[in-house]
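The structure under discussion appears below in the form of structure tokens.
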Amino acid sequence: MDFRKQRLSIEEGKEMDMVNYLSLLGHEPSKIRNSDYWYLSPLRKEKTASFKINRKLNRWYDHGLAKGGNLIDFGIEYHRCTIGELLDKISVNFSLQQPVIYPTKVENASDHKIKVLGDFSLTSYPLLRYLKQRLIPIEIAEKYCREIRYQLNGKTYYGIGFKNDAGGFEIRNPYFKASSSPKDITTYKNGAKEAIVFEGFTDFLSFMAIHKHLPSNSHDFVVLNSVSFFEKARLFMEEHEVIRLYLDRDATGRNYSQLALSISDKYSDESSLYKNHKDLNDWIVNFGKPSKSI
């Protein structure tokens, strides 16, 4: 099924999340007070935020214009178009926006039976903005990731998907961290004598961004997608003459690095590069800022 060609009904359009819709248009709140999100009006020029979305009601009101309503009312005003034209526009450009990315931060949601509905090129503004915040170039992310539309607990969401060797995906967006079944490691085999190992894919993408001019066959790569897969990855890792570990600097990551060093002198712990930071990506994002203790 081609999700991008489905046209939303008026009722579906009305219920699209307004805060995320404005985010996709490039508008972010100036302040948030409980359920009220205040913006510099997207409908006119102003210096003091007087455009409000009540997220609980999912309705907007522009105090300067004395107008308000649902997303359909806003879209007609914003795009200056008919209802039909608006439905075509949001169906094509914002089909992956409905419903919201995820309302609260959730960790380790793999047990909730995520069903991947489809994967596409990375296009959604919140996901591109998230990558930018993590200092991961879009061209690097596009090479290794897809935009995933998935279902969880009967609702549809989307995120950045990183595929593993078994066909499952690690899924990330600004509010959500999970994986779809089957869960597995991700390997890139280039016939190299050295293997570089990462705990998560954002660290792998960060490394590729730093070393974007590295010859493609200079290293093989392993992304564990969970340190619990370390033992499973050993067979592939230990086929190499040198194994460079870029694991997290938390207690678990350090323990696995120490274990690896005790197993074979092929292993080397490269995490001192980002000492006092959680992981490689955290070090890159905070490079030049005051260091913090782990």
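Bear in mind that the values in this text are calculations on the coordinates, not laboratory data. These figures come from a predicted structure and were not determined experimentally. Note: ideal-geometry Cβ built from the backbone for every residue, glycine included; neighbour counts use all protein chains shown.
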Give me the percent of Cα-Cα pairs in region 186-285 that sit more than 24 Å apart, rounded to a whole number. 14 percent
Calculate, in whole percent, how much of the Cα-Cα pair population of the chain lies beyond 24 Å. 58 percent
In the neighborhood of Y144, defined by Cβ-to-Cβ distances under 14 Å, what is the net charge if each Lys or Arg adds +1 and each Asp or Glu adds -1? -1
What is the distance, in nm, between label points placed 7 Å from the Cα along the Cα-to-Cβ direction at E241 and at S228? 3.6 nm
Computed Rg/Rh for region 3-97 (Cα atoms; Rh = Kirkwood radius) stands at 0.96
How long is the gain from Y175 to T252 if the chain were fully straight, where each residue apart is worth 0.36 nm and the alpha carbon distance is subtracted? 25.4 nm
Debye, to nearest 20: dipole size of region 3-97, +1 on Lys, Arg Cβ, -1 on Asp, Glu Cβ: 220 debye
If we sort 141-152, 250-261 on the protection proxy, mean other Cβ atoms within 10 Å, highest first, what's the order? 141-152, 250-261
Here FRET efficiency (C-beta to C-beta, L261 to A66, R₀ 51 Å, nearest 0.05) is 0.15
GNM top mover of D203, D36, D279 - the chain, alpha-carbon springs below 10 Å: D36
By per-residue mean of other Cβ atoms within 10 Å, what is the highest-first order of 78-84, 219-225? 219-225, 78-84
Through the Karplus equation 6.51 cos²θ - 1.76 cosθ + 1.60, θ set to phi - 60°, convert the phi angles of region 255-265 into ³J(HN,Hα) values in whole Hz; use x for Gly and Pro. 4, 5, 5, 5, 4, 4, 5, 6, 7, 7, 7
Antiparallel bridge percentage (DSSP; both residues within the chain; nearest 5): 75 percent
Among L273, L24, L71, which one shows the highest mean-square fluctuation when the chain is modelled as a Gaussian network with alpha-carbon springs under 10 Å? L273
Along the dipole axis of the chain (charges at Cβ: +1 for Lys and Arg, -1 for Asp and Glu; origin at the Cα centre), the most positive-end residue among A178, V222, Q258 is A178
Return a whole-number percent for the relative contact order of region 3-97, with Cα pairs under 8 Å and 6 or more residues apart as the contact set. 32 percent
Suppose every K and R has +1 on its Cβ and every D and E has -1 on its Cβ; what is the size of the dipole of region 243-282 about the Cα centre, in Debye to the nearest 20? 60 debye
Which whole-number percent gives the relative contact order of region 109-179, counting Cα pairs below 8 Å spaced six or more residues apart? 33 percent
Just want the answer: with Cβ charges of +1 for Lys and Arg and -1 for Asp and Glu, which residue in L127, Y157, H63 is farthest toward the dipole's positive end in the chain? H63
Hey, what's the Kirkwood Rh for region 109-179 if you take every pair of different alpha carbons, in angstrom? 12.2 Å
In whole angstrom, the spacing between the Cα centers of region 207-224 and region 113-129 equals 24 Å
Among K189, K113, K56, which one moves the most in a GNM of the chain with springs linking Cα atoms closer than 10 Å? K56
For G159, the net charge from surrounding residues (Cβ-Cβ under 12 Å; K, R +1; D, E -1) works out to +1
Virtual spin-label span in nm between L273 and F120, 7 Å along Cα→Cβ: 3.5 nm
Let's see if you can work this out: charge +1 on each Lys and Arg Cβ, -1 on each Asp and Glu Cβ, no other charges. What is the dipole magnitude of the chain about its Cα centre, in debye to the nearest 20? 1040 debye
